[in-house]
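Here is the structure we will look at, set down as structure tokens.
The values are calculated or read from the model by the stated rules, or taken from the named source; none is laboratory data. Owing to the predicted nature of the structure, the values given are computational and were not obtained by experimental measurement. FYI the Cβ positions are ideal-geometry reconstructions off the backbone, even for glycines, and counts take in every protein chain you see.
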2 protein chains.
Amino acid sequence: MKNIYASIITIGDELLIGQVIDTNSAWIAQQLNKIGIAIKNRISIGDDADEIRNTLDFETKNAQVILITGGLGPTNDDITKNVLCDYFGGKMIVDKSALENVKYLFEKIYHKPVSEINLKQAEVPDVCEVILNKRGSAPGMMFQRGGETFISMPGVPYEMQGIMEDVIPLLAKKFKLPSIFHKTILTAGIGESALAEIIKDFEDHLPKEIKLAYLPNYGMVRLRLTTSGFDKTKTENEIKSQFTDLKKLVKDYTVIDEDKNMEEVLGNILLKNKKTISTAESCTGGAIASLISSVPGSSAYFEGSIVSYSYKIKESLLNVKKETLEKYGAVSEETVREMLFGLLDKTKADYGIAVSGIMGPDGGTKENPVGTVWVIVGNKEKQVVQKLKQRFERKKNIEVTSIMALNMMRKFLVNGKN
Amino acid sequence: MKNIYASIITIGDELLIGQVIDTNSAWIAQQLNKIGIAIKNRISIGDDADEIRNTLDFETKNAQVILITGGLGPTNDDITKNVLCDYFGGKMIVDKSALENVKYLFEKIYHKPVSEINLKQAEVPDVCEVILNKRGSAPGMMFQRGGETFISMPGVPYEMQGIMEDVIPLLAKKFKLPSIFHKTILTAGIGESALAEIIKDFEDHLPKEIKLAYLPNYGMVRLRLTTSGFDKTKTENEIKSQFTDLKKLVKDYTVIDEDKNMEEVLGNILLKNKKTISTAESCTGGAIASLISSVPGSSAYFEGSIVSYSYKIKESLLNVKKETLEKYGAVSEETVREMLFGLLDKTKADYGIAVSGIMGPDGGTKENPVGTVWVIVGNKEKQVVQKLKQRFERKKNIEVTSIMALNMMRKFLVNGKN
């Protein structure tokens with residue numbers, strides 16, 4: 001038995017000029033990994049016939065499954081379908097199921113007349129098998145050549161994801177696949193190299209079929225163990241046993257031993273304790289609230305937020321005293337403390353997070369340079385306050401601050417036991 | 001004179017299992033485009049020596065500039081530096097400037113002792129030229145072979161971006177580069193194929209050196225013209241003239257004739273009119289506020305927000321009547337209207353946006369299935385209200401709703417003239 005490898009080819013000039021970030025590849029990689037297909041590589045190329053052909057030739061040297069997205073739109077800049085037709089030596093025919101789908105979409109869903117251009121979407125090479133696209137007019141197409149399987153899908157993520165629902169079982173049936181396991185620990189409060197020193201001995205003795213990766217982000221580091229094998233139980237037991245050892249070594253720095261986001265981790269703690277939360281945000285402008293509420297079911301513990309961007313709102317909605325703002329400024333421990341108390345008064349939430357700072361690029365002063373942020377978390381009885389110094393550009397400063405504030409709240413709940 | 005092409009190679013197992021989305025490639029592509037270097041392709045590969053060597057061989061067939069990110073960390077899973085040293089036939093030596101930088105960072109910035117592992121970061125192949133990394137301990141490295149230039153950088157975006165500040169002028173000096181121009185129109189309220197029909201004649205007569213692309217997103221479509229040439233003035237005049245024609249054809253659907261985000265477009269209108277805005281958000285949970293405040297300088301027009309996730313907050317902070325919630329429900333025209341009025345009362349902003357809906361995956365009812373969202377924009381005198389039906393998963397529903405709400409506000413300000 002051997003491993004099956006896939007390559008992902010994303011097609012579109014917009015990917016090469018940086019107008020669009022490729023999120024499809026990561027999503028597809030996740031789905032394939034779950035069924036035991038490893039990714040050999042991912043490549044983004046332009047809407048260029050030669051380039052598409054060369055890449056197909058190159059990728060088949062590495063992989064048995066080639067997943068292609070993009071270039072299937074109805075307009076002239078989209079050439080993938082014709083290039084594939086040519087590459088596999090077919091000719092264009094109208095596919096009945098695809099035609100019905102186009103008509104159905106326009107008549108019943110979009111409520112628009114079907115144009116000539118749209119009808120062309122139902123044409124496919126006669127050497128492919130159509131995989132229906134229930135979410136759009138460009139059909140998915142599967143080509144086979146020798147032992148290789150090629151699947152072409154639209155680049156619109158929502159449509160591609162719909163087609164992948166059919167592709168996954170199809171691939172799982174076609175190949176004898178190993179089980180792939182990933183085990184991840186999220187750590188905080190320790191750097192990559194310091195972690196490496198703590199787990200040096202563990203890493204040196206790790207069996208060679210288990211790989212360890214360090215993934216730093218937001219001042220936190222994820223440690224990930226990966227392995228695969230055809231004996232599912234044996235493979236799983238092996239990684240579990242190593243993971244148990246790893247967990248012991250880094251337990252002082254562990255946020256969670258699952259591949260979860262900070263907002264999910266915090267949400268689960270609140271849910272379990274039947275407590276509610278709210279946020280008072282100045283410089284993060286609603287980003288923390290947005291993270292908390294991005295978790296499905298967060299309405300069970302998220303009351304809401306007061307985004308107090310202006311001084312006026314800090315006073316009128318959060319009861320921050322005018323004198324406090326004048327004496328200490330908006331970016332101060334005193335102000336965030338009053339913001340928190342005002343927030344808890346107004347929202348009646350059990351816990352609150354309050355944030356005020358300067359995210360840049362302008363607005364910095366000598367005392368409070370760009371990146372200075374005060375964060376306070378807690379309830380009426382007890383609070384933890386911290387002055388952060390972010391060193392990124394505006395968007396990243398907001399992002400990092402939001403995650404760090406959620407982590408402060410998490411730690412407060414885990415350690416504080418109020 | 002010929003065009004110079006670049007390839008971008010991103011290295012890291014995390015890119016292949018989908019744990020991380022590659023944002024570096026898009027960012028690098030944008031920067032190179034600005035100085036006239038076109039991207040031939042972008043490829044993501046794992047931390048695997050053979051794979052790295054094969055990809056370097058393959059990419060040099062296409063490109064004169066090879067930019068490499070990732071795999072330069074201090075831990076064992078990072079192998080890029082050693083593979084490159086081997087590939088270019090060098091041996092490892094300690095670089096003095098890199099060593100000083102590591103020591104400086106640990107002593108002055110991180111306030112941590114420098115470990116053995118960290119000091120190894122200062123080792124580089126003796127066949128490269130070091131490009132200092134002021135934002136981290138792994139130095140950038142430039143290798144030259146024949147007419148080809150290879151640049152290796154860390155995968156951490158913030159560090160990579162810092163190094164690129166030095167790389168860009170270096171490349172601009174090294175090569176004779178053409179000028180690349182992109183002109184983009186953002187349209188709304190019309191589909192890709194309907195647009196194609198309107199501009200068919202224009203597209204058919206477009207000179208072959210100017211490319212037209214359709215980029216659909218969030219129910220809007222971006223039209224982009226691209227060209228390049230060594231005669232800067234001539235090239236620019238040509239694309240400008242075509243762009244003027246295109247603008248006339250789609251003027252009824254144009255949001256803006258620049259490559260700007262909706263939040264920037266709206267911000268500029270508010271700034272110009274010296275008006276302020278605030279938001280009352282239920283289902284978007286602060287995402288609209290977060291978009292508005294992501295724009296530098298938004299404090300000039302953004303007052304703040306009330307995120308009323310619970311019924312309680314809708315009543316207490318936005319003065320929504322209990323009877324309204326009971327009679328019509330939280331997801332109703334009546335509720336968002338009261339939310340808007342409450343918001344304008346509380347924040348004293350000139351304009352407001354209020355949103356309430358069901359983002360999923362749960363919470364849908366027969367009358368209000370998942371994806372139902374009421375949005376209202378306006379001031380006390382005049383409002384525009386709309387019922388949206390989103391059809392994506394939770395995060396995408398929130399994203400699309402936020403952009404559509406900003407667009408409603410924009411249209412209100414442009415057409416309404418209140």
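Miscellaneous remarks
- No other residue among B:244, B:187 is part of a helix (DSSP H, G or I), at pLDDT 90 or above, among the hydroxyl-bearing types (Ser, Thr, Tyr) and under 30 Å from residue B:413 (Cβ atoms) apart from B:244.
- Residue in the stretch A:209-235 that is nearest to residue A:396 (Cα to Cα), counting only those that are in a loop (DSSP other than H, G, I, E, B) and modelled with pLDDT of 90 or more: A:210
- Residue satisfying all of: in the stretch A:11-24; touching a residue at least 24 places away in the same chain (Cβ under 8 Å) and within 18 Å of the chain's Cα centre (by Cα); farthest from the other protein chains (Cβ to nearest Cβ) among these: A:24
- Residue check: residue A:48 meets all listed conditions (1) within 19 Å of the chain's Cα centre (by Cα); (2) more than 8 Å from every other protein chain (Cβ to nearest Cβ); (3) free of Cβ contacts under 8 Å to residues at least 60 places away in the same chain but one, namely (1).
- Flag for residue A:324 being crowded, with 17+ Cβ neighbours inside 10 Å and either out of contact with any helix residue (DSSP H, G or I) (no Cβ under 9 Å at 6 or more places or on another chain) or under 21 Å from residue A:400 (Cα atoms) (or both): no
- Residue match in the stretch B:86-96 (condition: in contact with a Leu (Cβ under 6 Å, 6 or more places away or on another chain) and either within 20 Å of residue B:163 (Cα to Cα) or not hydroxyl-bearing (Ser, Thr, Tyr) (or both)): no
- Scoring residue B:304 on the criteria (1) under 24 Å from the mean Cα position of the chain (by Cα); (2) part of a helix (DSSP H, G or I); (3) at the interface with chain A (Cβ under 8 Å from one of its Cβ atoms) leaves a single failure, condition (2).
- Conditions (1) surrounded by fewer than 24 Cβ atoms within 10 Å (Cβ to Cβ); (2) assigned to a loop (DSSP other than H, G, I, E, B); (3) facing chain A (nearest Cβ under 8 Å): number failed by residue B:3: (3)
- The stretch B:89-121, residues that are modelled with pLDDT of 95 or more and in a loop (DSSP other than H, G, I, E, B): B:89, B:90, B:91, B:95
- Of the residues in the stretch B:163-183, at least one is within 13 Å of another protein chain (Cβ to nearest Cβ), at pLDDT 90 or above and not in a strand (DSSP E or B).
- Residue match in the stretch B:276-284 (condition: assigned to a strand (DSSP E or B) and aliphatic (A, V, I, L, M)): yes
- Output for the stretch B:190-200, where each listed residue is among the aliphatic types (A, V, I, L, M) and either modelled with pLDDT of 90 or more or touching a Pro at 6+ places or on another chain (Cβ under 8 Å) (or both): B:195, B:196, B:198, B:199
- Residue A:91 vs. criteria among the charged types (D, E, K, R), out of contact with any Gly (no Cβ under 7 Å at 6 or more places or on another chain) and either surrounded by fewer than 21 Cβ atoms within 10 Å (Cβ to Cβ) or without any contact (Cβ under 8 Å) to a residue 12 or more places away in the chain (or both): yes
- Test: residue B:332 is free of Cβ contacts under 8 Å to residues at least 24 places away in the same chain and either over 25 Å from residue B:264 (Cβ atoms) or more than 13 Å from chain A (Cβ to nearest Cβ) (or both): no
- For residue B:146, the criteria (1) under 27 Å from residue B:57 (Cβ atoms); (2) in contact with a strand residue (DSSP E or B) (Cβ under 9 Å, 6 or more places away or on another chain) hold in every case but one, which is (2).
- Any pair with Cβ under 8 angstrom, 6 or more apart, that starts in the stretch B:355-380 at a residue that is over 30 Å from residue B:414 (Cβ atoms) and ends at one that is outside any loop (DSSP other than H, G, I, E, B) and among the β-branched types (Val, Ile, Thr): B:364/B:372
- Filter result for residue B:40 (within 12 Å of chain A (Cβ to nearest Cβ), charged (D, E, K, R), farther than 30 Å from residue B:179 by Cα and in contact with a Phe, Trp or Tyr (Cβ under 6 Å, 6 or more places away or on another chain)): no
- When residues of the stretch B:266-298 are limited to those that are within 21 Å of the chain's Cα centre (by Cα) and surrounded by fewer than 19 Cβ atoms within 10 Å (Cβ to Cβ), the one farthest from the other protein chains (Cβ to nearest Cβ): B:268
- Verdict on residue B:203 being assigned to a helix (DSSP H, G or I), modelled with pLDDT of 95 or more and not basic (Lys, Arg): no
- Unmet requirement for residue B:90, which otherwise passes all of (1) under 27 Å from residue A:43 (Cα atoms); (2) in contact with an Asp or Glu (Cβ under 8 Å, 6 or more places away or on another chain): (1)
- Residue B:340 buried (at least 17 other Cβ atoms within 10 Å of the Cβ) and more than 8 Å from chain A (Cβ to nearest Cβ): yes
- Some residue of the stretch A:392-403 being at pLDDT below 95 and acidic (Asp, Glu): yes
- Looking only at the stretch A:74-124, residues that are farther than 30 Å from residue B:210 by Cα, within 33 Å of the chain's Cα centre (by Cα) and of a type in the set (D, E, K, R) come to 1 in all.
- Residue in the stretch B:312-328 that is of a type in the set (Val, Ile, Thr), farther than 24 Å from residue B:275 by Cα, in contact with a Gly (Cβ under 7 Å, 6 or more places away or on another chain) and outside any helix (DSSP H, G or I) present: yes
Condition check ((1) aliphatic (A, V, I, L, M); (2) more than 19 Å from residue A:20 (Cα to Cα); (3) at pLDDT 95 or above) across all residues:
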residue	(1), (2), (3)
A:38	yes, yes, no
A:49	yes, yes, yes
A:59	no, yes, no
A:62	no, yes, no
A:68	yes, no, yes
A:82	no, yes, yes
A:87	no, yes, yes
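- Filtered by the rule that a residue be in contact with a helix residue (DSSP H, G or I) (Cβ under 7 Å, 6 or more places away or on another chain), over 17 Å from residue B:152 (Cα atoms) and of a type in the set (Ser, Thr, Tyr), the stretch B:87-116 gives a lone residue, B:115.
- Taken over the stretch A:54-86, the criterion of being over 18 Å from residue A:154 (Cα atoms), without any contact (Cβ under 8 Å) to a residue 40 or more places away in the chain and assigned to a helix (DSSP H, G or I) is satisfied by A:54, A:57, A:58, A:86.
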